[in-house]
Amino acid sequence: MSGNPFYVTTPIYYVNAEPHLGTAYTTIAADALARYRRMTGHDVIFLTGLDEHGQKVAQAAEEHGTSPQEWVDAIAPKFIDAWEMLDISNDDFIRTTEERHKRGVQAFWTKLHDDGWLYKGSYEGWYCVPDETYWAEDQLLEGKCPQCGRDVEFLREENWFFKLSEFAGRLLAFYEEHTGFVQPETRRNEVVSFVQGGLKDLSISRTNFTWGVPLPFDEGHVTYVWIDALLNYITALGYGGDDASRFERFWPADYHFVGKDIIRFHCVIWPAMLMAAGIEPPTSVFAHGFLLTKGEKMSKSKGNVITPASLVERFGVDAYRYYFLRDVAFGQDGSISMEAMVQRYNGDLANDWGNLCSRLFNMTEKYLGGVTPSAPAQDADADETLQALAGFLPEKYEAAMARLDYAGALEAVWDLIKGANRYIEEQAPWNLAKEGDDARLAAVLYTALEAVRIAALFTAPVMPATSAEVWRRIGLGDIAAVTDIAAEAAWGGLPAGSAVTKGDPLYPRIYEDE
Ligand code: ME8
C-alpha cells in the first residue's frame, strides 16, 4: 500500500467481561476514523485486541475451574464475534498471550534493564485487583479503591521498579511542546497537574502469581499487567521481533483511543516508558467520556448493562454505530437511552436519509425507467444551492474528523441530506412529470441523485453497510474501494445510464410500542 501511514488503536480489553456498550463505543469510534482515513488515501493500521494477563484474569479462570489460558481462549472469540457483528474493520488483533507480544515485552525489559532504568526494591501498599492498580495508603478513600470503591488488598513484596520519578520534567516539557498529545483539553490539564504533583517510581513486576510475561533477567517475576498491556501498541507492529518494518513505518501511533478512566496509564506512564527506551511517544491520546444510563456509568456490577447484540437486533448495525457517534459528544460523558435511540433512528435515519433514498429511487424507476439521466446542460439556481451544500461538505467533514467531532461531521452530512429533501419538495418532480417537462424532471432527479451519491460517501465511515447498499442501488462500484473521498465527491461524478434499483426501505420505521 502507498499513502501516508496512519496508526490508530483501541485499548486492549480485559477478558474478564464480555464486550459491552462501553468497549463497543471506543471500538466503533476508532473504526469510523480508520475507515475515513482509508478513504483519504492513508495506509491504515487499525489495532484492537485483548489484555489477557493479570491477577483478575487468573482469578476469573480459577473461579470457573479452568486454566487461565483455557479461560482466555474461551472468551477471545466473543470479542472477535462482537466486533464482526459491529462491522469493525480492524487490520490486526493482538492478544497479550501471543508469542509476538511476549517477545516484544521481554525485549523492552532487557533494554530498560541494560540502560539502568530498573531497580529491585520492596513494595508495600494496596492493590485493587478489579482495576489492576496500585495505591498508596493516603490515596485510599475510606480504605477502598479511590477509583472504583471496591476492596483493596495489602501487598508487601520484592518488586522491580521503573524510575518513573525521573521523568516528570521531561514529561512536562513534552506536553508543552506537543499540545495535541493529550486530548481533549480538559484531560490535558488533568494530566499536567497530576505530573506537576511529582511522580513516584513504579512497581513493574509481581511475584505472588505467575500469569504474566516473566522478566527476562529475573524469571521469578512477571510483568505488572498494565505495563504488559501498554506494550501491545508496539509489539503488534513487530517491536522486538524479527521484522520491525511495520514498527518503523507506523510508529508513533497517530491516535490511541481510550476512555477517561485510563488516561494516566496512557499519558504519563506510557510516554515515560517509551522515552526510557528511546522511542518516540504517540502523537495523540484521545480520552472519550463515559456512556451513562440515567446518569450512571454503565457497569456489570451495577446491573444496568444493555448488550450490543440486543441493540443491533432491534436497530441494525449501522443505526447502532450512528446513534452513539451522533448523540454523544465525543470526549464528554453522554447519557444514552432507548427513547433517544428510537428518536434518532426515526428522525435522522428513517425520515431524512432512508426516505430521501426511497423516494428518489422510486421516482427514478417510475419516471426514468430506473436509469440515471445525464447531467443537465444548465443548472437552475436551486440546483446550484444544493451543489454548493455538497461542495462544502468535504472540508467541513475533514475539519470535524480532525477534531474527532463525529457529531459535527455527521451534522455536516445531514445538512446535505436535509437540503436534498428540501430540494425535492420544492422542485416537486411529480408535478414536472404531470406537466410533461421531461428535461427539467431529468435535471432535478440527476441533481438529487448526485447529492445522494455524495452523502453516501460521507456516511460510509460511520454506516458502511448502508452506504455500500446506496451505491449499489444507484449502480455504482464498491464504496469501500474509495481512496480519495474529496475527489470522488466532486460534483458530476454520477454517470448517466446506470441502473437504479428501488429495494426495501434502508431503515424501516420503528414504533415506540414495539
Ligand atoms: O482498562 N463508557 O480494559 P477494560 C464508555 N485492559 N467507555 C467505556 C465504558 C463506559 N461506560 N466502560 C468501559 C482496560 N469503556 C485495560 C486497557 S490498554 C493498554 C489496557 C471503555 O476492558 C473505555 O475505552 O476495562 C475504557 O477505557 C475501556 O473500555 C476499558 O476497558
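The values are calculated or read from the model by the stated rules, or taken from the named source; none is laboratory data. Note that the coordinates shown come from a computational prediction; the quantities given were computed from them, not determined experimentally. Note: ideal-geometry Cβ built from the backbone for every residue, glycine included; neighbour counts use all protein chains shown. Just the protein is used for accessible areas: all its heavy atoms, side chains included, with ligands, DNA and RNA removed. Shrake-Rupley method; radii C 1.70, N 1.55, O 1.52, S 1.80 Å.
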Close pairs from region 143-167: first under 20 Å from residue 225 (Cβ atoms) and polar (S, T, N, Q), partner open to solvent by less than 50 Å² (accessible area, probe 1.4 Å) and part of a loop (DSSP other than H, G, I, E, B), Cβ under 6 Å, at least 6 apart: 147/131
From the set of residues in region 365-394 that are among the acidic types (Asp, Glu) and in contact with a helix residue (DSSP H, G or I) (Cβ under 8 Å, 6 or more places away or on another chain), which is least open to solvent (accessible area, probe 1.4 Å)? 383
Here is a check on your reading of the model: is residue 104 under 24 Å from the mean Cα position of the chain (by Cα) and in contact (Cβ under 8 Å) with a residue 60 or more places away in the chain? no
Filter result for residue 226 (under 27 Å from residue 292 (Cβ atoms) and either out of contact with any Phe, Trp or Tyr (no Cβ under 9 Å at 6 or more places or on another chain) or within 13 Å of the ligand (Cβ to nearest atom) (or both)): yes
Counting only residues in region 7-37 that are of a type outside the set (Val, Ile, Thr) and either over 14 Å from the mean Cα position of the chain (by Cα) or assigned to a loop (DSSP other than H, G, I, E, B) (or both), the one nearest to the ligand (Cβ to nearest atom) is identified as 14
Picking from 496, 490, the residue that is part of a loop (DSSP other than H, G, I, E, B), surrounded by fewer than 16 Cβ atoms within 10 Å (Cβ to Cβ), in contact with a helix residue (DSSP H, G or I) (Cβ under 9 Å, 6 or more places away or on another chain) and free of Cβ contacts under 8 Å to residues at least 12 places away in the same chain would be 490
Would you confirm whether or not region 233-243 contains a residue that is charged (D, E, K, R), free of Cβ contacts under 8 Å to residues at least 60 places away in the same chain and part of a loop (DSSP other than H, G, I, E, B)? yes
Please determine whether any residue of region 39-56 is out of contact with any helix residue (DSSP H, G or I) (no Cβ under 9 Å at 6 or more places or on another chain) and within 25 Å of residue 211 (Cβ to Cβ). no
Within region 230-252, is there a residue that is more than 29 Å from residue 37 (Cα to Cα), within 28 Å of the chain's Cα centre (by Cα) and open to solvent by 20 Å² or more (accessible area, probe 1.4 Å)? no
Taking region 189-205 and the residues there that are open to solvent by less than 10 Å² (accessible area, probe 1.4 Å) and away from the ligand (no atom under 16 Å from the Cβ), the one that is farthest from residue 61 (Cα to Cα) would be 195
Taking first residues from region 120-134 that are under 16 Å from residue 162 (Cα atoms) and second residues anywhere that are within 13 Å of the ligand (Cβ to nearest atom) and modelled with pLDDT of 85 or more, the pairs with Cβ under 7 Å that are 6 or more apart or on different chains are 133/147
Wholly enclosed helices (runs of 4 or more DSSP H) of region 43-156 bearing at least 2 residues modelled with pLDDT of 95 or more and open to solvent by less than 70 Å² (accessible area, probe 1.4 Å): 68-85, 99-114
Considering only region 253-291, how many residues are within 14 Å of the ligand (Cβ to nearest atom) and open to solvent by 30 Å² or more (accessible area, probe 1.4 Å)? 4
Filter region 4-42 for residues that are among the aromatic types (Phe, Trp, Tyr) and open to solvent by 10 Å² or more (accessible area, probe 1.4 Å) and give the result. 6, 13, 14
Looking at region 229-252 only, could you name the residues that are over 23 Å from residue 175 (Cβ atoms) and within 8 Å of the ligand (Cβ to nearest atom)? 232
Residues located in region 206-229, provided they are of a type in the set (S, T, N, Q) and open to solvent by 10 Å² or more (accessible area, probe 1.4 Å): 207, 208, 210
What number of residues within region 423-453 satisfy the criterion of being surrounded by fewer than 16 Cβ atoms within 10 Å (Cβ to Cβ) and aromatic (Phe, Trp, Tyr)? 1
Kindly evaluate residue 441 against the criterion of being more than 23 Å from the chain's Cα centre (by Cα) and assigned to a helix (DSSP H, G or I). yes
